[in-house]
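Data block below; observations after.
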Amino acid sequence: MLAASDEGVVLHVRGFAVLRATYEAEGYYDETADGDPEEEELYLIEVLDAPLATRAAEAMDGEAVWPLAHLGLSDPVLRRLFPVAEGQSDAEELSIVEKYLLVLAHALESERAPAARQRLLAASAGWSPAVIADAFHELPAGWRAGGREEG
């Protein structure tokens, strides 16, 4: 289930994890991007598993999230920049943040080793919008649907 609001996006993959992207600030600039995009938004990305089940339940507004697998991540939090969201012309179109969470969740679920999951999470901080869009289109149809809810 995917839930989006002005404050961020929460993805609950039943029996696996809750991924949360919380909006923190706008007006950031990635010096390595050569001015494209000119301005970006900062998000806190969290991957919540069994040891953090209380926070995971809070992330889903109290909805039951049990059982969650223990993912073995040594650092389940990162910050990353996304291009400033322009007004979406198609209300059915997922935002780049929603697509990122779906791609990340699918990749993490496909990995079994905690160390590989940790490397994957860290590497995802550098995924470009084009990489995210391409990976999103390669997801199975059920993942692309995402069970989206507006909040």
Quiz item: When only residues in the range 104-119 that are of a type in the set (D, E, K, R) and in a helix (DSSP H, G or I) count, which is surrounded by the fewest Cβ atoms within 10 Å (Cβ to Cβ)?
Solution: 119
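Taking the condition farther than 22 Å from residue 42 by Cβ and either aromatic (Phe, Trp, Tyr) or touching a residue at least 24 places away in the same chain (Cβ under 8 Å) (or both), does residue 144 pass?
Working: farther than 22 Å from residue 42 by Cβ: yes; either aromatic (Phe, Trp, Tyr) or touching a residue at least 24 places away in the same chain (Cβ under 8 Å) (or both): yes.
So residue 144 fits the description; yes.
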Quiz prompt | Selected residue (only one of 87, 126, 142, 146 is at pLDDT below 95, open to solvent by 30 Å² or more (accessible area, probe 1.4 Å) and either under 23 Å from residue 6 (Cβ atoms) or within 12 Å of the chain's Cα centre (by Cα) (or both)) | solution = 87
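The values are calculated or read from the model by the stated rules, or taken from the named source; none is laboratory data. Keep in mind the model is a prediction, meaning the values are calculated, not measured. When we count neighbours, we look across all protein chains shown, and the Cβ atoms used for this are built from the backbone with ideal geometry, even at glycine. These area figures cover heavy atoms from the full protein model, side chains too; ligands, DNA and RNA do not enter into them. Shrake-Rupley method; radii C 1.70, N 1.55, O 1.52, S 1.80 Å.
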